[in-house]
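Visitor: Below is one structure. I have some questions about it.
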Amino acid sequence: MEVEYVVKSGDTLLKIANKYGTVPGDIRTADGGQPNAYKLYPGLKVKVPCVSKAHKVKAGETLDSIARDHRTTVSKLERNPLPNPDFILPGQDLWLP
């Protein structure tokens, strides 16, 4: 599974890779080896491979319930590119650490 990550000020490939449990080289590969994977700037979108399994959100689930069911933490689930972590939708894919 890949997620599209929007680069923030101060991000490096290593910081992004650590956040998603991968390595910088895998980000470069997932991003097609494009030069922009080396030159990060705020707003740039990069593809980040996740080395975990995916979970499709079901009606009534919350980040708390998903974290509890999968023995993880809400803060780790919030690493997903969520527009609003307080509002997840059925059918939405989340990666699980």
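The values are calculated or read from the model by the stated rules, or taken from the named source; none is laboratory data. Note that the structure is a prediction, hence the values are computed from the model and not measured. Neighbour counts are summed over all protein chains in view; Cβ atoms, including those assigned to glycine, are modelled from backbone coordinates with ideal geometry.
Visitor: Of the residues Gly33, Gly10, Gly25, which is surrounded by fewer than 13 Cβ atoms within 10 Å (Cβ to Cβ), of a type in the set (Gly, Ala, Ser), assigned to a loop (DSSP other than H, G, I, E, B) and modelled with pLDDT of 80 or more?
Guide: Being surrounded by fewer than 13 Cβ atoms within 10 Å (Cβ to Cβ), of a type in the set (Gly, Ala, Ser), assigned to a loop (DSSP other than H, G, I, E, B) and modelled with pLDDT of 80 or more holds for just one of Gly33, Gly10, Gly25, which is Gly10.
Visitor: Restricting to segment 62-97, name every residue that is hydrophobic (A, V, I, L, M, F, W, C) and part of a loop (DSSP other than H, G, I, E, B).
Guide: Residues satisfying the conditions are Leu82, Phe87, Ile88, Leu89.
Visitor: Just for segment 62-93: of the residues that are surrounded by 11 or more Cβ atoms within 10 Å (Cβ to Cβ) and among the basic types (Lys, Arg), which one is nearest to the chain's Cα centre (by Cα)?
Guide: Within segment 62-93, the match that is nearest to the chain's Cα centre (by Cα) is Arg79.
Visitor: Find all pairs meeting these conditions: Cβ atoms under 8 angstrom apart; at least six residues apart or on different chains; first residue within segment 78-97 and in the same structural domain as Gly21 (by TED's automatic domain parsing) and under 24 Å from Leu44 (Cα atoms); second residue modelled with pLDDT under 85 and surrounded by 13 or more Cβ atoms within 10 Å (Cβ to Cβ).
Guide: Close Cβ pairs (under 8 Å, with a partner that is modelled with pLDDT under 85 and surrounded by 13 or more Cβ atoms within 10 Å (Cβ to Cβ)) do not exist here.
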